[in-house]
Structure formats: structure tokens, C-alpha cells
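The next block holds one structure in the form of C-alpha cells; read it before the comments.
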Amino acid sequence: MIIAQYQGEFFAISAAFLWAFSAILFERLGKKIRPIEMTLLKGTFAATMLGATMFLLREPISSINSLSLIVLLISGAVGIGIGDTAYFEAIKNLGARQALLLGTLAPPMTALLALIFLGEGVAPVSWLGILITVGGVAWVISERRRNGQLQANGNVERNVRRGVLFGVLASLSQASGLILSRYAFSFSTISALQSAILRLAAGVVVLYAWIKYKKQPLGKWRKQPKSWRTWLMILLVSFVGTYVCIWLQQLAVKFSPAGITQTLLATSPLFILPISAIRREKLTLRAILGAGVSLFGIMILFGLFG
């Protein structure tokens, strides 16, 4: 049965879809609260929800050995803490579209790191699927808009260099975090739920430390009128965009090769297209064709042409 054979791939593509849906909520919240503070809050809420779920499911904590504990904490600190922070800095200096474009470096980086450190080879046809999928995503998000010129403060060239540096760092951090997570599963019986809690907790600690280091004030948005609505939105995003998504991501990492998992997770921008169409936003021919190219690559990864 294809679902059983490709369960990891289905988990990854489901996470990508939910990330796209939550991105719409992020867009609305971003007008009220800074992205890095929002990530800190949703990570804290989601980690609490995952912990409660583990308690309700009565998962034994004894299944977590010391080595997998350390590896997963490092994975969360690198992939979520450093990766998210670097991504926000890339957005600040380059803009969201260019930052997303640099994010397409993560899948091939992940596949190469998996080959080097895990000995996890990828079949030639899967490499073809990875390249086609990433190419389609890159084609879509690299499209220029009329108002898409970089709005940089100060020295434009300096901001671009900083943005590219942080964008590459974000991709490398995400790839490294996923590889470490995959490695932890290779020698441990730890569940995807427990691994998600550990990664989120480590990521939250790094983000909090970064905010304190930058001496950024927290909670200014709470003084806004009807801030309870913002709280509700944060809880919704925490549930959909983090609690469910990171659980699905860890399930994908557990059951699928790292390179393929990261490739499917990177398709999130494509799912924003149909959501945009429902919201009656104009879609260009390039965006539609790029999505079609990526869909073809995804079909290859699912073995539909094998």
C-alpha cells in the first residue's frame, strides 16, 4: 500500500501544507508582534502541549537514553534556535522572498550531509526529484514583483551580504538539525513526540538567550487594545504551525531519508498558492508553472514514475 510505503513522505508533505496555512496566520500576527518573539511564544506553548500529550499517552520517559537526549537538544538548538534566528536576520536584510529563495539550499545540503555523516545514500532518481522540486520552488519564489525591490536601510550592499550570510547559515542550521535528529533515531527507540519536545525546548532556550543578548523588550504588544485576540491567534498558530507540524516533521524524519524529508518540507511556499487563489489574490503564470514543476518532482520522490 503506497501510504504505508511512503508514510514518512506523507508526514512531510502534510507538515509543509500546515506550515503554509499557518503562514497566513503569521502574516496577520506579524503586524502586531515581532516574528522572533512570536516564535518564542509559540515554541513555548507548543512544547507545553506536546508535554501534556506525552503525559496523556503515557509514553515512558525511560525510552530516552542520554546520548539521544544530548543529540536532540543540540539538534533543536541548531535547527530551531540558530536556524530560525538566522532566518529572521535574512528576512530583515533581504526581504522574505529572497530569504525563502536561499532556503531552497537546505534540501541538497541535507542530502549531502546525510550521505557524509549517516552514509544515507539517495538513489539517482530521487536526486532528480529533489533537484526538480527545489528548482520549481526556487522559480516560484524568485519571481520579482513590482513592489519587490529590496527596502534596505543604510548601505544596501552591506545588507545584502549580511542577508546572504544569514540565509546560508539558516539553511545549513536547518539541514544540520535534521541530520542530528535523524541520527538520534538511528540508535534510539525514542518516539517522534518526545524528540519534538526536546528539539522545541532547546530551540526556545536559544531564542530566549538571543532576545536577552540583543536586549529586546518583550510583551509590548500586550498593551494594544483587544490583545486577547492576539493571544488566541498565538495559541492557534502554536497548535497548527508548531505543535502539529513539528510532530509530523519528526515522524517524517523517523521514517524517510533526510534529503527527501527536507525537500518535501521545503515545498511549503507552493501550498500558499492555492490558499492565495481562495483569497482571490492574483496568481501569475510563472507561479502556476513553477508549482507544476515542483509537483512533478514530488511525484518522482513518491515513486510514481519508478
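The values are calculated or read from the model by the stated rules, or taken from the named source; none is laboratory data. Since this is a predicted model, take the numbers as computed values, not measurements. Because the Cβ atoms are built from the backbone with ideal geometry, glycine has one as well, and the counts that use them run over all protein chains shown.
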Open item on the list: Could you go through the range 201-218 and let me know if any residue there is of a type in the set (D, E, K, R) and in contact (Cβ under 8 Å) with a residue 60 or more places away in the chain.
Closed with: no
- [ ] Give Gly303, Gly241 a once-over and let me know the one that is touching a residue at least 12 places away in the same chain (Cβ under 8 Å), of a type outside the set (Val, Ile, Thr) and within 23 Å of Glu120 (Cβ to Cβ).
- [x] Gly303
- [ ] Just give me the residues in the range 5-53 being of a type in the set (S, T, N, Q) and in contact with a helix residue (DSSP H, G or I) (Cβ under 6 Å, 6 or more places away or on another chain), in sequence order.
- [x] Gln7, Ser14, Ser22, Thr39, Thr44
Task: Given (1) at pLDDT 90 or above; (2) more than 24 Å from Gly103 (Cα to Cα), number of the condition Val206 does not satisfy - done: (2)
- [ ] Would you point out which residue out of Ser195, Ser181, Ser173, Ser188 is small (Gly, Ala, Ser), outside any helix (DSSP H, G or I) and surrounded by 17 or more Cβ atoms within 10 Å (Cβ to Cβ)?
- [x] Ser188
Task: helices (runs of 4 or more DSSP H) completely within the range 1-66 that count 2 or more residues being at pLDDT 80 or above, farther than 30 Å from Gly259 by Cβ and of a type in the set (Val, Ile, Thr) - done: 35-57
- [ ] Return yes when Ala99 is surrounded by 15 or more Cβ atoms within 10 Å (Cβ to Cβ) and modelled with pLDDT of 85 or more and no when it is not.
- [x] no
Task: Where a residue in the range 261-282 is touching a residue at least 24 places away in the same chain (Cβ under 8 Å) and its partner, wherever it lies, is aromatic (Phe, Trp, Tyr), with Cβ under 8 Å and at least six apart - done: Leu265/Trp19; Ser268/Phe17; Ser268/Trp19; Phe271/Phe17; Phe271/Trp19; Phe271/Phe21; Ile275/Phe21
